[in-house]
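Please treat every number below as a calculation from the coordinates, not as lab data. Computed from a predicted model, the values in this text were never measured in an experiment. In this analysis, Cβ positions are derived from the backbone assuming ideal geometry, glycine residues included, and neighbour counts consider all displayed protein chains.
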Amino acid sequence: MTRLRLDIAYDGTDFHGWAAQTGLRTVQGELELWIARVLRLAEPPTLTVAGRTDAGVHARGQVAHLDLETDDGAGLAAHLAYRLRAALPEDVVVKAVRVAPEGFDARFSAIWRRYVYRLCWDVPDPTRRRHVVAVPGPLDVPAMNAAAARLLGLRDFTAFCKAREGATAIRTLLEFAVADTGEITVKADAFCHSMVRSLVGALLRVGTAERDADWLVSLLSATERCGEIHVMPPHGLTLEEVAYPPDPELASRAQTARQTRCCGGEA
């Protein structure tokens with residue numbers, strides 16, 4: 001078996017998220033269908049993804065892997081990339097296919113994921129309506145950044161996550177910052193379900209002066225999801241990048257991640 005790495009981008013507007021669901025159009029379902037068709041496989045292969053995005057969430061830097069039986073991994077990768085470029089619908093693109101290094105796991109080998117949530121507090125641009133969320137402004141960006149900085153580090157984000165049985169909400173938040181343009185960058189080792197959109201929703205309450213930084217920090221002590229947090233609409237969110245360690249560290253990183261996280265999807 002040869003493991004292939006796929007680098008993927010998609011507009012999530014017309015997808016019911018990443019994960020395959022019977023009777024619904026999903027990114028995973030679309031890709032597995034077309035991979036099986038172009039390679040003439042008896043059964044669709046199974047893709048493992050770095051971050052399972054929700055319905056309506058976009059991606060520029062999604063990563064997935066799949067295992068296929070072949071004697072020519074490089075040739076198969078090149079053939080698959082060429083055929084998918086012509087076959088896939090216009091809202092999903094496989095940017096590259098390559099033979100994965102030994103020990104690579106698209107999900108568990110990742111060391112961080114970077115999302116960007118895009119806000120607009122001026123007159124909305126209709127050409128960006130599928131990727132930007134309009135909010136009343138102006139917002140207090142310095143106050144938002146000061147509050148966001150206090151959430152960085154290894155934390156329990158239960159208040160910001162939809163509970164999943166057996167899943168942990170302990171994550172390491174590496175970056176949480178608001179630009180004057182309205183882009184909110186959130187980077188962490190991993191994300192539990194709805195975490196990014198919940199973090200942004202809570203931070204907006206600081207930006208509008210409804211709540212202060214102490215309130216935001218106090219949520220970290222919650223033992224269940226906080227009902228005061230508004231989950232932001234999905235279309236403002238894009239998975240921009242997934243990072244991996246040097247090749248010799250891929251397997252050990254995957255083993256460590258499996259031991260600390262058993263289940264739960266990305267925001």
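Sequence-ordered 3J(HN,Hα) estimates for segment 109-124 from the Karplus curve with 6.51, -1.76 and 1.60 and θ = phi - 60° stand at 7, 5, 9, 6, 10, 10, 10, 10, 9, 10, 10, 9, 10, 9, 5, x Hz, glycine and proline given as x.
For the chain, DSSP calls about 90 percent of its internal beta bridges antiparallel.
Counting Lys and Arg as +1 and Asp and Glu as -1 over every other residue whose Cβ lies under 9 Å from the Cβ of Ala9, the net charge comes to 0. Each peptide among 57-65, 114-122 gets the average number of other Cβ atoms lying within 10 Å of its residues, and from highest to lowest they stand as 57-65, 114-122. Amide hydrogen proximity for Phe15: with H placed 1.01 Å from N in the peptide plane, the residues at 5 or more positions away or on another chain lying under 5 Å are Gly56.
Under the combined filter of DSSP loop state and at most 11 neighbouring Cβ atoms within 10 Å, segment 77-182 retains these GluC sites (Glu not before Pro): Glu90, Glu102, Glu165. Relative to the dominant Cα principal axis of the chain, helix 27-39 is inclined by about 10°. Under a model in which nothing but the beta-carbon of Lys, Arg (+1) and Asp, Glu (-1) is charged, segment 2-99 shows a dipole of about 180 debye around its Cα centre.
Sort segment 112-251 into rounded, prolate or oblate with this rule: let a ≥ b ≥ c be the square roots of the eigenvalues of the Cα gyration tensor; rounded if a/c is under 1.5, and if a/c is not under 1.5, prolate when a/b is larger than b/c, oblate otherwise. Oblate shape, in that a/c is at least 1.5 and b/c is the bigger or equal ratio.
Farthest toward the positive end of the dipole of segment 112-251, out of Ala146, Val186, His230, is the Cα of His230, where the dipole comes from beta carbon charges about the Cα centre.
Rounded to the nearest 10 degrees, the inclination of helix 73-87 to the longest alpha-carbon principal axis of the chain is 70 degrees. What is the set of long-range amide H partners of Glu241 at a cut-off below 5 Å, with H atoms built 1.01 Å from backbone N? The list, which skips near neighbours in sequence, is Gly61, Arg114.
Name the residue, out of Leu151, Leu237, Leu220, whose mean-square fluctuation peaks in a Gaussian network model built on the chain with Cα pairs under 10 Å. Comparing Leu151, Leu237, Leu220 in a Gaussian network model of the chain, the most mobile one is Leu220.
Note on the chain: Kirkwood hydrodynamic radius from all Cα pairs is 19.4 Å, rounded to one decimal.
Summing Cβ point charges (Lys, Arg +1; Asp, Glu -1) relative to the Cα centre of the chain gives a dipole of roughly 180 debye. When both segment 44-120 and segment 8-28 are represented by their alpha-carbon centers, they are found 13 Å apart. Applying both filters, DSSP loop and at most 10 other Cβ atoms within 10 Å, to the GluC sites (Glu not before Pro) of segment 1-82 gives Glu69. Report, to the nearest 10°, how far helix 250-260 tilts away from the longest principal axis of the Cα atoms in the chain, using its own Cα long axis and a range of 0 to 90°. Once rounded, the angle reads 50 degrees. A simple packing score, the average count of other Cβ atoms within 10 Å per residue, orders the peptides 77-86, 33-42 as 77-86, 33-42, with the highest score first.
With runs of 4+ DSSP H residues as the only contributors, calculate the mean residue ellipticity of the chain at 222 nm using -39,500 (n - 2.57) per run, divided by the residue total and rounded to the nearest 500.
That comes out to -7500 deg cm²/dmol.
Across Thr238, Thr53, Thr208, mean-square fluctuation computed from a Gaussian network of the chain (C-alpha pairs under 10 Å connected) peaks at Thr208.
For segment 182-267, the fraction of C-alpha pairs more than 21 angstrom apart is 43%.
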